[in-house]
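Novice: Would you mind keeping the following structure in view while I ask a few things?
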Amino acid sequence: AKAEIAVTGLAVMGRNLARNLARNGFRVAVHNRSQGRTDALIEEFGHEGDFTAAADLPALVEALEQPRKIIIMVKAGEPTDAVIDELVPLLDQGDIVIDAGNAHFLDTRRREKALSEKGLHFVGSGVSGGEEGALNGPSIMPGGSKESYAALGPILTKISAHVNGEACCVHVGPDGAGHFVKMLHNGIEYADMQLIAEAYDLLRRVLGLSPAELADVFREWNTGDLESFLIEITADVLSQVDPTTGGAFVDVVLDQAEQKGTGRWTVQSALDLGIPVSGMAEAVFARSLSGDVVRREAAAGVLPGPASAKVDVDRDAFIEDVRHALYSSKLVAYAQGFDAIRAASEQYDWNVDLGAMATIWRGGCIIRARFLDRIKEAYDRNPALPSLLVDDYFKDAVANGQDAWRRVVATAATAGVPAPGFSAALSYYDGLRADRLPAALIQGLRDLFGAHTYKRVDAEGTFHLEWSGDRSETKS
Ligand code: NDP
């Protein structure tokens with residue numbers, strides 16, 4: 001029998017995805033630009049299932065039953081276009097091309113349009129969970145047409161992660177919706193990691209806790225509301241001993257965080273949508289600052305700060321405060337992330353089911369967490385929820401934690417420990433709940449220097465003041 005599905009691009013992700021498919025009983029055709037990876041897959045893992053090795057794309061297409069389903073898992077960007085261009089002339093109407101790489105959702109929209117004009121289905125699908133997830137069950141975020149999902153759904157849900165029997169795979173929406181949601185997932189991952197890093201830094205520098213002691217704190221936190229993969233592995237990293245020095249592993253790691261760009265994409269897209277995602281933006285900026293060696297070297301030891309980061313606080317009380325600050329800031333980051341998904345869904349007519357997005361991320365991916373159930377429940381209670389923060393659960397969680405959160409931000413400022421994630425999240429929260437914002441003054445300034453006009457609280461219409469004249473008000 002011919003293969004049911006194909007994978008082209010057999011680096012870590014593609015190879016593991018192909019193995020996952022084969023282990024789940026699907027007949028898989030495999031191909032890679034350089035044959036070596038294909039041979040290695042068959043040699044090492046050929047026994048795991050029904051593989052057909054293809055030497056080139058025509059052979060891959062030939063090996064498949066129709067309508068063909070071909071997963072592209074190559075380097076994102078130009079390589080993906082190169083593969084699509086070579087593949088398309090070989091295909092027939094109704095065939096489905098799936099890009100499971102980390103494409104920008106605007107590229108996915110472009111590709112989907114081009115292929116649908118040729119009678120082909122193009123599915124941009126987010127796949128999260130790294131190589132481990134790809135092999136044992138990733139979180140899958142497919143976009144594309146309903147018709148293509150009808151054919152792909154049974155395969156994708158089978159190979160995805162499952163939580164309480166539910167697949168971490170849902171059809172997100174048309175064209176670029178899947179890749180947008182995958183991008184947002186990565187942005188939230190950036191924010192999550194930044195907040196964890198701030199909690200670590202504050203506890204270490206304000207209280208003087210050792211990495212080993214901090215590992216215990218995170219382990220303890222992982223038994224409550226914060227329970228998540230990232231908190232769990234934070235404890236692992238902090239308790240790791242460096243084999244060379246015998247000291248804490250975290251202390252021998254260069255403090256310059258790298259980025260592949262999906263966090264930046266998230267923030268750029270949110271800027272275009274006009275949605276504040278300050279949690280993610282601060283996370284991206286914090287990584288950039290960490291890598292800015294020239295300016296850090298010029299400033300370190302030169303710019304003054306408090307004599308010591310140690311502040312006279314009760315140890316256990318401060319640990320509990322930081323836990324609240326972390327959780328509240330995390331709630332804000334997710335609220336902002338879901339707001340960006342809502343806005344994109346409206347702008348591009350995707351009709352994304354926001355609650356379902358939280359269920360996709362419960363397993364298989366880096367941000368998997370107990371708390372995602374709370375998001376699902378919030379949207380079940382009210383599908384038109386304007387912000388997660390006004391849902392009762394979120395509201396109460398922040399209400400419980402806000403005093404602590406404010407103390408932590410104040411202590412960070414006093415101690416001279418940077419906490420951009422915690423403080424930006426708190427400012428967003430206070431901005432959101434404010435009766436009145438100083439934007440009124442900004443509008444006044446804009447009207448004065450640029451005649452940009454303003455609206456009044458007590459009358460309809462648009463107004464301008466004759467600033468250089470008699471300061472009379474005109475209505476336009
Ligand atoms: P890479 O991103 O390192 O890409 C390597 C693969 O791309 C190889 O199979 C390579 O073929 C192929 N390739 C590169 N250029 C071309 C080209 N011009 N034509 C054809 N094939 C080409 O591999 P990964 O497995 O790390 O990632 C694959 C995709 O999955 C990427 O889009 C990545 O962003 C995404 N992703 C990765 C995750 C991860 O944890 N690594 C997690 C989630 C998504 P060859 O062997 O011939 O060089």
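The values are calculated or read from the model by the stated rules, or taken from the named source; none is laboratory data. Everything numeric here is computed off the predicted structure, so don't read it as measured data. All Cβ positions, even for glycine, are placed from backbone atoms using ideal geometry, and neighbour counts span all protein chains on display.
Novice: Select from region 1-59 the residues that are of a type in the set (Val, Ile, Thr) and assigned to a strand (DSSP E or B) and write down the one among them that is nearest to residue 89 (Cα to Cα).
Specialist: Here is the first cut: in region 1-59, the ones of a type in the set (Val, Ile, Thr) are 5, 7-8, 12, 28, 30, 38, 42, 52.
With assigned to a strand (DSSP E or B) added as a condition, the list becomes 5, 7-8, 28, 30, 52.
Values: 5: 18, 7: 18, 8: 16, 28: 21, 30: 19, 52: 22 Å.
By that ranking, first place goes to 8.
Novice: Taking the conditions exactly as written (more than 28 Å from residue 217 (Cα to Cα) and of a type in the set (Lys, Arg)), does residue 381 satisfy them or not?
Specialist: Details: more than 28 Å from residue 217 (Cα to Cα): yes; of a type in the set (Lys, Arg): yes.
Considered against the rule, which asks whether it is more than 28 Å from residue 217 (Cα to Cα) and of a type in the set (Lys, Arg), residue 381 comes out as yes.
Novice: Can you work out which of the residues in region 35-64 that are among the polar types (S, T, N, Q) and within 17 Å of residue 87 (Cβ to Cβ) is nearest to the ligand (Cβ to nearest atom)?
Specialist: Here is the first cut: in region 35-64, the residues among the polar types (S, T, N, Q) are 35, 38, 52.
This time we only want the ones that are within 17 Å of residue 87 (Cβ to Cβ), so: 38, 52.
Working: 38: 9, 52: 17 Å.
Among those residues, the one meeting the criterion is 38.
Novice: Taking region 78-122, which residues are aliphatic (A, V, I, L, M) and away from the ligand (no atom under 16 Å from the Cβ)?
Specialist: Narrowing region 78-122 to residues aliphatic (A, V, I, L, M): 82-84, 87-88, 90-91, 96-98, 100, 103, 106, 114-115, 120.
Correct list: 91, 96, 114, 115, 120.
Novice: Take the residues of region 259-317 that are of a type in the set (Lys, Arg) and under 30 Å from residue 216 (Cα atoms): which is surrounded by the most Cβ atoms within 10 Å (Cβ to Cβ)? Before you say what the answer is, go through the steps one by one.
Specialist: Filtering region 259-317 for residues of a type in the set (Lys, Arg) gives 260, 264, 287, 295-296, 310, 315.
Of the ones still in play, those that are also under 30 Å from residue 216 (Cα atoms) are 287, 310, 315.
Details: 287: 20, 310: 12, 315: 13.
Ranking the qualifying residues of region 259-317, first place goes to 287.
Novice: Here is a list of conditions, (1) in a loop (DSSP other than H, G, I, E, B); (2) of a type in the set (Lys, Arg); (3) at pLDDT 95 or above, and residue 310 meets all of them except one; can you say which number that is?
Specialist: (3)
Novice: Select from region 127-142 the residues that are of a type in the set (A, V, I, L, M, F, W, C) and assigned to a helix (DSSP H, G or I) and list them in ascending order. First the steps, then the outcome.
Specialist: So the first thing to find is which residues in region 127-142 are of a type in the set (A, V, I, L, M, F, W, C), and the list is 127, 134-135, 140-141.
Passing the criteria: 134, 135.
Novice: Every residue in region 65-77 that is more than 15 Å from the ligand (Cβ to nearest atom), in contact (Cβ under 8 Å) with a residue 40 or more places away in the chain and part of a loop (DSSP other than H, G, I, E, B), please. Working first, answer last.
Specialist: So in region 65-77, the residues more than 15 Å from the ligand (Cβ to nearest atom) come out as 65-69.
Those left that are additionally in contact (Cβ under 8 Å) with a residue 40 or more places away in the chain: 65, 67-69.
Correct list: 65, 67, 68.
Novice: Quick check: anything in region 238-260 assigned to a helix (DSSP H, G or I), in contact with a Lys or Arg (Cβ under 8 Å, 6 or more places away or on another chain) and touching a residue at least 24 places away in the same chain (Cβ under 8 Å)? Before you say what the answer is, go through the steps one by one.
Specialist: Initial filter on region 238-260 (assigned to a helix (DSSP H, G or I)): 238-239, 249-251.
Filter once more, so that each one left must be in contact with a Lys or Arg (Cβ under 8 Å, 6 or more places away or on another chain): none.
Checking region 238-260: not a single residue is assigned to a helix (DSSP H, G or I), in contact with a Lys or Arg (Cβ under 8 Å, 6 or more places away or on another chain) and touching a residue at least 24 places away in the same chain (Cβ under 8 Å).
Novice: Another question about this same structure. Looking at 125, 139 in this structure, which one is in contact (Cβ under 8 Å) with a residue 40 or more places away in the chain, in contact with a Pro (Cβ under 9 Å, 6 or more places away or on another chain), small (Gly, Ala, Ser) and within 16 Å of the ligand (Cβ to nearest atom)? Break it down stepwise before answering.
Specialist: Values: 139 fails: in contact with a Pro (Cβ under 9 Å, 6 or more places away or on another chain).
Step by step, each of 125, 139 is checked, and only 125 is in contact (Cβ under 8 Å) with a residue 40 or more places away in the chain, in contact with a Pro (Cβ under 9 Å, 6 or more places away or on another chain), small (Gly, Ala, Ser) and within 16 Å of the ligand (Cβ to nearest atom).
Novice: Given the criterion in a loop (DSSP other than H, G, I, E, B) and at positive phi, identify the matching residue among 92, 175. Explain how you work it out, then say what you get.
Specialist: Values: 92 fails: at positive phi.
After ruling out the rest, the residue left standing is 175.
Novice: Please work out if residue 154 is in a loop (DSSP other than H, G, I, E, B) and away from the ligand (no atom under 16 Å from the Cβ). Walk me through how you get there before you give the answer.
Specialist: Values: in a loop (DSSP other than H, G, I, E, B): no; away from the ligand (no atom under 16 Å from the Cβ): yes.
No: the conditions fail for residue 154.
Novice: How many residues are near the ligand (Cβ under 9 Å from one of its atoms) and among the small types (Gly, Ala, Ser) if we restrict to region 1-33?
Specialist: Result for region 1-33: 3.
Novice: Okay, next question. Pairs please, first residue from region 374-396 and closer than 12 Å to residue 335 by Cα and at pLDDT 95 or above, second anywhere and crowded, with 18+ Cβ neighbours inside 10 Å and of a type in the set (Asp, Glu), Cβ atoms under 6 Å, 6+ apart in sequence or on different chains.
Specialist: Listed pairs, sorted by first residue: 378/391; 385/391.
Novice: When region 256-291 is examined, which residues are found to be under 14 Å from residue 192 (Cβ atoms) and within 16 Å of the ligand (Cβ to nearest atom)?
Specialist: If the condition is that a residue be under 14 Å from residue 192 (Cβ atoms) and within 16 Å of the ligand (Cβ to nearest atom), then 262, 263, 266 are the ones that fit.
Novice: Sticking with this structure for a sec: Residues 437, 389: which one is under 22 Å from the mean Cα position of the chain (by Cα) and under 30 Å from residue 323 (Cα atoms)? Outline the logic, then answer.
Specialist: Values: 437 fails: under 22 Å from the mean Cα position of the chain (by Cα).
Within the list 437, 389, the selection yields 389.
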